[in-house]
Structures are given as C-alpha cells and as structure tokens.
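Here, each number is a calculation from the coordinates, and none is a lab measurement. None of the values given here were measured: they were computed from a predicted structure. With ideal geometry, Cβ positions are generated from the backbone for all residues, glycine too; neighbour counts draw on all protein chains shown.
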Amino acid sequence: MKDRLMRGIGVSPGLAIGAAVVVQSQLPDVPHRVVPRSQVEREVRRLRAAVKDVQRHITDLKARAAERVGPDEARIFDAQLLMLEDKDFLGAVEDLIRENHLTAEKAFEFKALEQRDAWMSVGSARLKDRITDLNGVMVRVVRHLMHLGNDELEGFAKGSIVVAREIGPGLTVQMDRAQVVGLVSEEGTKTSHAAILAHSMGMPAVMGLTGALGRIHTGTMLLIDGGRGTVLLEPTQEEIIDANVREVKDHERVVELERGVSLPAVTTDGLRVALRGNVDLPEEINAARAHGAEGVGLLRTEFFVTGHTSLPTEDEQVRYFSRVGKAFPDYPVVIRTFDLGGDKFPAAFQAPFEANPFLGWRAIRVCLDQPELFRAQIRAILRAAVDTQLHLMIPLVTRVSEIERTREMVAEEADELRKEGVPAAPSVPVGVMIETPAAAVLADRFVAASDFLSVGTNDLTQYTLVVDRGNARLADRFTPHDPSVLRLLQQVADAACAGRKPASVCGEMASDPLSAFLLIGLGYETLSVAPPSLPRIRWLVRQVSRAKAREAAHAALDARTDGDVLDILRTGVAACGIDPSIL
Ligand code: PEP
Ligand code: MG
C-alpha cells in the first residue's frame with residue numbers, strides 16, 4: 001500500500017472515492033502542418049465552426065454555473081465569451097490560414113500566443129486575468145480542433161475526482177457537485193483561495209500533492225482523505241471497505257454533531273462563544289444557517305469581480321447584501337469591502353504592473369485610491385443596512401489613517417443618501433481586519449479608531465512569517481502556531497479587551513478545533529468559521545473550559561516552536577476529556 005499512498009495537504013475534510021479526471025489545462029503539442037491551397041477555405045470553415053462550438057459550450061457552462069451557484073459567479077465566463085467574439089483577432093487568424101496555408105489549430109495557437117506575449121510584455125496586473133482567460137480559450141479551441149475532447153470539465157461521470165496541476169477559484173466554482181466528489185492538485189495549500197472555497201462548499205480536497213500528474217491518469221481509481229491529506233491510488237476492495245467504515249463513522253459523528261446545532265456554544269465553565277460563518281459565495285448562506293451560524297463574521301465580496309469583465313453595480317450589491325442580512329435577522333453580518341489586488345483584479349480594472357503584487361496595491365489601498373469603486377460599495381452597504389444588521393470591515397489595513405478616511409467616506413455617503421432621499425441606515429459599525437504585523441503591533445490604536453476587530457490569520461501568518469500562503473513547497477513553514485503569530489494574536493486580544501471593543505478571528509485557523517481551543521484561551525469570544533466546520537467547533541467549545549484553554553494558551557505563548565505549541569494544545573484538550581487524535 002505504501003507505494004500507492006501519496007501525501008499532500010488536506011485542505012477540505014471528508015473521504016471521496018472515485019475515478020480521476022485529469023484536467024488538462026495545458027496546451028497540447030500542435031504539429032506545424034501546412035495544407036494544400038485547395039483546402040485553405042476548409043480550414044477557415046473549420047475554425048469558424050470550432051469557435052461557434054466552443055462559444056456554445058461556454059454559454060452552456062455559464063448557464064449551468066448560474067443554476068448551481070448563481071448568476072454573479074457565472075459571469076466568470078464572460079471574458080472568454082468576449083474573446084471568442086473578437087472580430088479583429090479571429091480575422092487575423094483567418095488571414096494567417098489564407099496567407100501561410102496553416103491548419104486552423106496552428107494558426108489559432110500562433111495568434112493566441114502572439115497576443116499573450118504582447119500582453120505579458122506590457123506586464124500589467126490587469127492583463128493577468130485576461131491572460132488566464134486567453135489561455136483558457138486557446139486550450140479549448142485548439143483541443144476542439146484537434147479532436148482531443150471538448151472541454152476539460154466535460155463528461156464527468158458521477159463520482160469523479162478532479163486532478164489538476166493547479167485549481168483556481170474559477171474552476172472550483174464550475175464544479176458540479178452531483179458529478180465531482182473530490183479535488184486533488186499539485187499546487188495550493190490550505191489557505192489558497194480555491195481551498196477555502198472547496199472547504200466552504202464541503203468538497204473533500206487534497207492540495208500540494210507533488211508529482212500527482214506523473215502518477216495519476218484519467219481513470220485511475222482514487223481514495224482521497226481530505227482531512228488527513230492522503231490520496232490512495234487504485235485502492236483494493238478491502239481498503240475501500242475500510243474507508244467506507246471510516247466514512248460511516250465520520251458521518252455518524254457529523255450527524256451527532258449536527259444534532260447540537262441549536263445548542264449554545266458555551267464552555268463547561270460558562271463562557272458563551274459566538275460562532276459565525278464565513279461566506280464566500282451566495283450558496284453558502286443556507287449552509288451557514290443550517291449549521292447554526294450566529295450571523296456572518298466574514299462576507300467575502302471578491303466573487304463579484306474576480307474573473308469578471310465589469311464591476312458590479314451599486315444596485316447589484318444592495319440586492320446581495322440585503323439578501324444575506326435578511327437571512328440572519330437576529331445577528332450581525334460583517335461585509336468585508338473589496339480585497340482586490342495580488343492576483344485578484346477584474347478584467348475591467350486598470351491596474352499597474354507590480355514586481356510584488358502581494359506587497360503592492362491591494363485591498364483598502366485600492367479602495368481608497370479608487371473612490372468611485374469604494375463609494376458604490378459603501379452606499380450599497382448603507383442602503384442594505386436600512387433593515388438589517390450589516391457591519392462594514394476593511395481588509396489589509398496597515399495605518400490608522402486608512403480607518404479614519406473610510407469612516408469619513410461612510411459619513412459622507414450616508415449624508416448624500418439622506419439628501420437624495422434614498423432609504424439607508426445613517427451609519428454602520430466600521431471594523432478592521434488585523435492581518436498585517438503593522439496592524440497587530442498597533443492594535444491599541446486601531447481599537448481606538450474602529451468599532452471592532454477581526455483577525456485574518458491567513459494573511460497575518462503569511463506576512464509575519466514571510467511565507468506565501470499558496471506555495472505548496474513552503475507549506476510546512478506556514479503555521480499560525482508559530483510563537484511569533486501567537487504573540488501577535490495575544491497582543492490584539494489584549495488591546496481589544498483594554499479598549500472594550502469586540503475582537504474575533506475569521507482566518508482558517510478558527511475552523512480548526514485545536515486552534516479554536518487556543519483562541520478561546522487567548523481571549524477571543526467570537527469565531528467565524530467555514531460553514532461545514534461549525535458543528536465541530538460548537539462541539540469543541542461545549543467540551544472545554546475557558547480555564548483550561550487559558551492555561552494552555554499561557555503555556556503556548558512561552559513555547560519555543562510551533563511543534564511545542566501543538567503538543568501543549570493536545571495536552572490541554574486531553575485535560576478537558578477530549579482524545580486529541582480525533583481532532
Ligand atoms: C485572512 O487573511 O485570514 C482572511 C480571513 O482573509 P482572506 O483569506 O480572504 O485573505
Ligand atoms: Mg486576508
């Protein structure tokens with residue numbers, strides 16, 4: 001079995017058994033072939049027919065995505081459709097066929113690569129998204145012309161496991177869960193955005209599985225364990241039975257945990273912990289409610305823009321925010337303003353080339369520099385807050401002036417809406433995400449300037465340890481249990497407590513039971529977690545005492561290494577009567 005077992009990073013728990021479907025996002029080798037003059041027009045016709053077929057196919061994918069996850073996410077396909085309507089580009093491909101007698105696939109590839117090189121040399125971050133779309137279109141059209149299958153996402157039998165070098169959020173959104181039961185990729189880690197999405201969608205996933213494509217082929221039977229991060233190739237009948245037994249046990253545990261959905265998350269010594277949900281996509285609203293979320297602690301809004309060719313209108317945003325707010329009439333819903341930048345720029349957006357996009361023009365920096373984008377979002381939040389409990393939260397803050405300026409803009413827009421006679425809340429609480437060392441170190445100042453704090457441990461870990469959160473090669477270095485991150489977490493909790501402002505944690509760390517125990521010990525009383533993790537975290541809270549959690553946190557702060565921290569936490573939960581091996 002050993003040689004059939006591969007280990008990666010478990011990013012979304014659960015077992016899945018199925019046949020692999022290897023997603024070919026790479027361009028096949030296109031032979032350089034010329035055709036006789038008499039066949040040139042036939043190649044042009046073949047090109048036109050292929051473009052039409054691919055257009056139809058993408059339109060179909062878009063419709064299916066709209067049905068599954070909503071019309072907004074489905075707009076992710078618009079950019080590719082637009083490219084297939086580009087008359088100048090297609091005209092140039094036809095000219096190349098006629099002038100050089102090339103096959104349709106060779107001419108299309110040539111022109112697409114030429115276009116890609118031209119965009120790459122501009123080096124604009126805005127074009128990065130477009131290059132990804134261009135690649136997508138190129139692969140689809142060329143594969144179609146070469147009769148290599150219509151599309152990488154087509155023809156999944158029920159129970160397929162998607163295997164790819166890299167799985168982006170766009171691909172994850174397209175997955176039909178009736179067909180796809182699991183995900184495996186060579187790249188990616190627990191905190192890469194596609195992993196967060198898979199977790200939110202409750203789809204078992206293993207990422208960072210180095211060498212996967214060398215060993216797994218379409219049709220290879222796989223048994224994946226998204227909790228343990230393992231992938232077993234060609235499992236035997238016995239291994240499948242074992243896995244099923246484990247799955248049944250896991251399922252029984254989940255059912256048992258879900259029975260506790262309406263029980264309050266109170267520790268054995270009476271501390272009430274508020275458990276909220278992280279919502280990345282509209283379809284997760286129901287999952288969060290079903291799992292007993294007390295509101296939304298992090299509503300990510302980037303799905304509105306990433307991969308889209310246009311920015312959402314104010315009215316579109318009002319509709320969505322209002323829908324989420326109304327889904328939780330008794331609880332707050334914390335809307336995080338656009339966290340654009342890095343690799344998340346909509347095609348419609350002018351972004352400059354940057355050597356280090358993750359240290360560059362991102363998040364609140366973009367919003368403050370592009371007031372029309374930010375003001376529309378602020379207005380949408382104020383309007384939707386008229387009959388809901390919406391909060392506004394700003395990401396990647398590093399200086400107090402960013403909070404002050406945001407507050408001024410909120411007040412200005414509230415005033416404007418009042419003058420216009422548009423129904424809107426007169427104000428909303430303004431909170432700050434603590435996800436940079438600067439913000440953590442200055443937490444006392446940030447507390448004074450804002451209404452609440454929420455720690456984004458994904459970015460806080462990335463920026464404190466200088467480890468790219470999506471780099472599989474560095475995955476063992478990316479740990480929120482590093483004592484440096486722990487001290488920052490403690491500093492933030494203490495500052496919030498001293499300033500009498502609420503502080504929560506909404507990074508992935510809060511979805512992990514052992515870490516949730518630590519966070520409670522550090523003084524956090526609100527955790528916002530991926531909806532599927534709510535039952536487990538609720539169960540954990542109900543088993544432990546704040547006193548024991550405090551003791552463990554105290555010892556963890558003195559630990560030398562992340563390994564020591566984990567040992568301390570395991571001992572701590574064991575002292576509360578929990579077998580740490582089941583966490
Ligand atoms: C974080 O950084 O921890 C966070 C919650 O934000 P995101 O994962 O969306 O960057
Ligand atoms: Mg973040």
Which percentage, to the nearest 5, of the DSSP beta bridges contained in the chain is antiparallel?
35 percent
Looking at the square roots a ≥ b ≥ c of the eigenvalues of the Cα gyration tensor of region 477-578, which shape do they give, rounded for a/c under 1.5, prolate if a/b is larger than b/c, or oblate?
rounded
Per q in 0.23 1/Å, what log10 I(q)/I(0) does a Debye calculation on the alpha-carbon atoms of region 392-467 return?
-0.94
If you line up the long axis of helix 314-327 against the longest principal axis of the chain, both from Cα atoms, how many degrees apart are they, to the nearest 10?
50 degrees
Hits among aspartates and glutamates - C-alpha to C-alpha of residue 111 under 12 Å, sequence gap 8 or more where chains match:
88, 94, 95
For region 345-424 and region 180-229, distance of Cα centres in Å
35 Å
Order these by the 10 Å Cβ neighbour count, fewest first: 362, 140, 98.
98, 362, 140
Pull out the extension gain between residue 404 and residue 239, defined as 0.36 nm times the separation in residues minus the alpha carbon to alpha carbon distance; nm, one decimal.
53.5 nm
Rounded to two decimals, what is the ratio between the C-alpha radius of gyration of the chain and 2.2 N^0.38 Å?
1.01
Can you give the local net charge around residue 115? Use residues other than it whose beta-carbon is closer than 10 angstrom to its beta-carbon, Lys and Arg +1, Asp and Glu -1.
0
Specify which residue in the list 172, 353, 376 is farthest towards the positive end of the charge dipole of the chain, using unit charges on the beta carbon of Lys, Arg (+1) and Asp, Glu (-1), about the Cα centre.
172
By how many degrees, 0 to 90 and rounded to 10, does the Cα axis of helix 483-498 deviate from the longest principal axis of the chain?
60 degrees
Through the Karplus equation 6.51 cos²θ - 1.76 cosθ + 1.60, θ set to phi - 60°, convert the phi angles of region 378-393 into ³J(HN,Hα) values in whole Hz; use x for Gly and Pro.
4, 4, 4, 5, 4, 5, 6, 7, 4, 10, 9, 9, 8, 10, 10, 9
Between the helical axis of 125-145 and the dominant principal axis of the chain, each derived from Cα atoms, what acute angle in degrees is found, rounded to the nearest 10?
50 degrees
So if we plug the beta-carbon distance of residue 98 and residue 59 into 1/(1 + (r/R0)^6) with R0 = 35 Å, what FRET efficiency do we get, rounded to 0.05?
0.80
How far apart, in nm, are the 7 Å Cα→Cβ label points at residue 579 and residue 323?
4.3 nm
For each pair in 249/326; 62/158; 62/326; 62/190; 190/501; 158/326, compute the distance between the two Cα atoms and list the pairs where it is over 24 Å.
249/326; 62/326; 62/190; 190/501; 158/326
Net charge of Cβ neighbours under 12 Å - reference residue 512; Lys, Arg +1; Asp, Glu -1:
+1
Dipole magnitude of region 164-234 about its Cα centre, charges +1 at Lys/Arg Cβ and -1 at Asp/Glu Cβ only, in debye to the nearest 20?
100 debye
With each label point set 7 Å from Cα along the Cα-Cβ vector, what nm distance links residue 121 and residue 147?
3.8 nm
Dimensionless Rg/Rh of region 165-258 - Kirkwood Rh, Rg from C-alpha atoms
0.97
Going highest first, how would you order 32-42, 438-448 by mean Cβ packing within 10 Å?
438-448, 32-42
Gap in Å between the Cα centre of region 272-314 and the Cα centre of region 535-563?
27 Å
For residue 205, distant residues with modelled amide H under 5 Å away:
11, 12, 183, 226
At R0 = 35 Å, how high is the FRET efficiency between residue 330 and residue 420 if r is their beta carbon distance? Nearest 0.05 is fine.
0.70
Full extension between residue 246 and residue 445 adds, at 0.36 nm per residue less the Cα distance, a length in nm of 66.7 nm
